[in-house]
Amino acid sequence: MNKKLTVLVLTGALACSMALPAMAAQKAAVPISAPVSTEAAVSLPGSVLYYGTVQEIVKDAEGNITQLRMTSDRYGEHVMNIAAQTMWIDSGRKEASGPVTLQEGERVYIFHSAVETRSLPPQSAAFAVVRNIPMDARCAQYHKVEAVSLENGQLTIATDNGGLHLMVDQDTALSFYDSDKAATLEDIRAGSYVMAWYSTVAASEPGQAHATHLMLLPSETQAQDAVLTRGELAIMLYEQAGKPSTDVSTDYTDVADDAAYAEAVRWVSGEGYMGGYGNGAFGPEDAVSREQLVTVLWRYVGSPMLMDYPGLTRFDDVGEISHFAQSAFAWAHQKGYIAAVEDGKLAPQSAADQELAEGIFKEVAARK
């Protein structure tokens, strides 16, 4: 899908230096590691940097961290959803760091999904939590390896939508995340993820930096591909219905006629299952919350009503369900389509993932 976003782009070195108090009052959150300091239309970044203070640590019944409620003078409040796939990095030691010693009041970097909920505060999936941050420009940066090339013993990694090239040579230390296994240049492949330590980014096009250390991350555990978007939900619903033809015409400003989800968006809009935001946009790349997911499916099956269903009253966050989603959430819970998350809460505002949506669709199809 073509993800476009107008953003203020900064160098990776500048992003690291945001730890300095003098920068605290500047503008709100921006993507990391782009090579120039100017406003330009670029593809949605694979991750966004948030720097702030841990305000609250939310854990499940087993003591596992499920959310970090963050506060930041620069970025405002944000809820970071923590999963088993979230990486924990000690930037100063250049090694994996467990979350056991994390305390409220600690200041951390969090590289999170560019897709977030529209709730207040917004929520998004945390890919990497970086602790023990040095007060200079050499902190760990999270990158996807988009392409690699090897010439004269030097490996060049293209990342940040091609906007940054990381140079890796015999002076670059290599390691694996949470493993003593020795890493080699051959282990760095397109599609993988790394934490990279570097300082100065050359003012070139694309930007260039020499990596002093690369930590290879377990790419198969990345969370960003699991987030369900509105465009993907439209496609799933459209395919569930057998891809019916439609003559509905929509003029959403962010849905191109040749987009993969264009026909699906026209159909779900015409049927009234999903709609736009009222400002001419549909938001096909926006994350779908759990309550939005069940509401769309509830509409799809005819908006059935339940009489005095008490099943949600035992959850202490039942009051967080939006008014528009209350009947749908009750229906979905009564049917067993949706259950509490690991911490025993309904989490209606949390982002839904593709696995949850696929499971519900499968159940709905089986019961027809």
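The values are calculated or read from the model by the stated rules, or taken from the named source; none is laboratory data. This is a predicted model, so every value here is computed, not measured. Please note: Cβ atoms are built from the backbone with ideal geometry, for glycine as well, and neighbour counts cover all protein chains shown. Ligands, DNA and RNA are stripped out before the accessible areas are found, and what is left, the full protein with its side chains, is counted by its heavy atoms. Shrake-Rupley method; radii C 1.70, N 1.55, O 1.52, S 1.80 Å.
Quickly run through the range 159-214 and pick out the residues that are of a type in the set (Val, Ile, Thr) and touching an Asp or Glu at 6+ places or on another chain (Cβ under 7 Å). Residue satisfying the conditions is Thr159 alone.
With the condition kept exactly as written, say whether any residue in the range 68-89 is in a loop (DSSP other than H, G, I, E, B) and over 26 Å from Thr229 (Cβ atoms).
Residues of the range 68-89 that are in a loop (DSSP other than H, G, I, E, B), as a first pass: 72-77, 82-86.
From what's left, over 26 Å from Thr229 (Cβ atoms): 73-74.
Checked the range 68-89: at least one residue is in a loop (DSSP other than H, G, I, E, B) and over 26 Å from Thr229 (Cβ atoms).
Among the residues making up the range 163-180, those that are in a strand (DSSP E or B) and of a type in the set (Gly, Ala, Ser) are Ala173, Ser175, Ser179.
Take Ala264 and decide whether it is hydrophobic (A, V, I, L, M, F, W, C), touching a residue at least 60 places away in the same chain (Cβ under 8 Å) and in contact with a helix residue (DSSP H, G or I) (Cβ under 9 Å, 6 or more places away or on another chain).
Here the answer is no, as Ala264 does not meet what is asked.
The number of residues in the range 59-91 that are more than 14 Å from Val129 (Cβ to Cβ), open to solvent by less than 50 Å² (accessible area, probe 1.4 Å) and not hydroxyl-bearing (Ser, Thr, Tyr) comes to 4.
Residues in the range 123-145 that are at pLDDT 90 or above, in a loop (DSSP other than H, G, I, E, B) and open to solvent by 10 Å² or more (accessible area, probe 1.4 Å): Asn132 only.
Would you pick out the residues in the range 204-242 that are in a loop (DSSP other than H, G, I, E, B), among the small types (Gly, Ala, Ser) and modelled with pLDDT of 85 or more? Write out each step before concluding.
Kept after step one, since they are in a loop (DSSP other than H, G, I, E, B), are these residues of the range 204-242: 204-206, 211-212, 218, 222-223, 228, 241-242.
Restricting the remaining residues to those that are among the small types (Gly, Ala, Ser) gives 204, 211, 223, 241-242.
The answer is Ser204, Ala211, Ala241, Gly242.
Within the range 307-336, residues that are within 21 Å of Met274 (Cα to Cα) and assigned to a helix (DSSP H, G or I) reach partners that are aromatic (Phe, Trp, Tyr) and open to solvent by 60 Å² or more (accessible area, probe 1.4 Å) with beta carbons closer than 6 Å, at six or more positions or on different chains, in the pairs Ala330/Tyr309.
This table checks each residue for (1) surrounded by 15 or more Cβ atoms within 10 Å (Cβ to Cβ); (2) at pLDDT 90 or above; (3) closer than 24 Å to Tyr238 by Cα.
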| residue | (1), (2), (3) |
| --- | --- |
| Ala287 | yes, no, yes |
| Leu306 | no, no, no |
| Phe329 | yes, yes, yes |
| His333 | yes, yes, yes |
| Asp343 | yes, no, no |
| Leu356 | yes, no, yes |
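Consider Leu297 against the criteria (1) outside any helix (DSSP H, G or I); (2) open to solvent by less than 40 Å² (accessible area, probe 1.4 Å); (3) within 25 Å of Asp254 (Cβ to Cβ); (4) not β-branched (Val, Ile, Thr): it satisfies all of them except one. Which criterion is unmet? Condition not satisfied by Leu297: (1).
Residues in the range 146-162: is at least one part of a loop (DSSP other than H, G, I, E, B) and open to solvent by less than 20 Å² (accessible area, probe 1.4 Å)? Checked against the condition, which is being part of a loop (DSSP other than H, G, I, E, B) and open to solvent by less than 20 Å² (accessible area, probe 1.4 Å), the range 146-162 yields no hits at all.
Residues that are small (Gly, Ala, Ser), open to solvent by less than 40 Å² (accessible area, probe 1.4 Å) and not in a strand (DSSP E or B) within the range 93-107 comprise just one, Ser97. Comparison of Val108, Val148 shows that the only residue that is closer than 22 Å to His210 by Cβ, touching a strand residue (DSSP E or B) at 6+ places or on another chain (Cβ under 9 Å) and among the aliphatic types (A, V, I, L, M) is Val148.
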